[in-house]
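Comments concern the structure below.
The values are calculated or read from the model by the stated rules, or taken from the named source; none is laboratory data. What you are looking at is a predicted structure, and each value in this text was computed from that prediction instead of being measured. Cβ atoms come from the backbone with ideal geometry, glycine included; neighbour counts cover every protein chain shown. Surface areas here come from the heavy atoms of the whole protein model, side chains and all, with no ligands, DNA or RNA. Shrake-Rupley method; radii C 1.70, N 1.55, O 1.52, S 1.80 Å.
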Amino acid sequence: MEYYETTAAVANNGYEDWDTKLRPFWGHPALRASLRDVYTESAETGDYTTGAASVESMSVTDYKESDVANEEVHINACVDFGDVQTFAANGQKIPRAEGAPTRYLFDYVMRHQGPDSYWTVNAQSPHPEQAC
């Protein structure tokens, strides 16, 4: 999924210019707003990651047609963060919270932005309590 590849590239580069690089993937301002504080803080403190999350499986849970060509697909995905490690600006590893799963479910709402356009992520809900 190109969204995860770009997110990893942004995080691996200290979240530099995160808004410009990730904005094309976000179809609703609420998604950007929900991630802004975390990404901005990471950019300001110099935190960064290595590795990338991978989508292990996904399934469509709902599909909605639209008379204005804004189709919507709801997806349930198992995302594996096992290869992702987080570091402070000084290179010190920031450990995962104890007991936090590395693989868990996300719900996504993807929406097509109209004729001659593309699909965007309009909502994402992580469910770390649902390991996969």
Item to check | Share of carbon and sulfur in the accessible heavy-atom surface of the chain [1.4 Å probe, %] | outcome: 49
Checklist outcome for this item: In this structure, the FRET efficiency calculated for V60 and E98 from their beta-carbon separation, with R0 = 35 Å, to the nearest 0.05, is 0.55
Checklist outcome for this item: When the charge dipole of the chain is computed with +1 at the Cβ of Lys and Arg and -1 at the Cβ of Asp and Glu, the Cα pointing farthest to the positive end, of S59, L31, Q130, is that of Q130
Checklist outcome for this item: Note to self: C-alpha centroids of the range 1-54 and the range 63-132 sit apart, in Å, by 12
Checklist outcome for this item: To the nearest Å², the heavy-atom accessible area per residue of the range 1-58 with 1.4 Å probe amounts to 56
Checklist entry - Mind listing which GluC sites (Glu not before Pro) in the range 52-127 are in a DSSP loop and have 13 or fewer other Cβ atoms within 10 Å? => result E65, E98
Checklist entry - How far apart, in nm, are the 7 Å Cα→Cβ label points at A131 and R36? => result 3.6
Item to check | 222 nm mean residue ellipticity, helices alone, for the chain (DSSP H n ≥ 4; -39,500 (n - 2.57); rounded to 500) | outcome: -7500 deg cm²/dmol
Item to check | 15 Å beta-carbon shell around C132, net charge (K/R +1, D/E -1) | outcome: -3
Checklist entry - Ranked by accessible surface with a 1.4 Å probe, highest first, in what order do D83, D47, D62 come? => result D83, D62, D47
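Counting only other residues whose beta carbon sits under 10 Å from that of V109, what net charge do I get with K and R as +1, D and E as -1?
Its environment carries a net charge of -1.
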Next on the checklist: So for the range 57-132, averaging the separation of alpha carbon pairs under 8 Å that are six or more residues apart and normalising by length, what relative contact order in percent results?
Outcome noted: 29
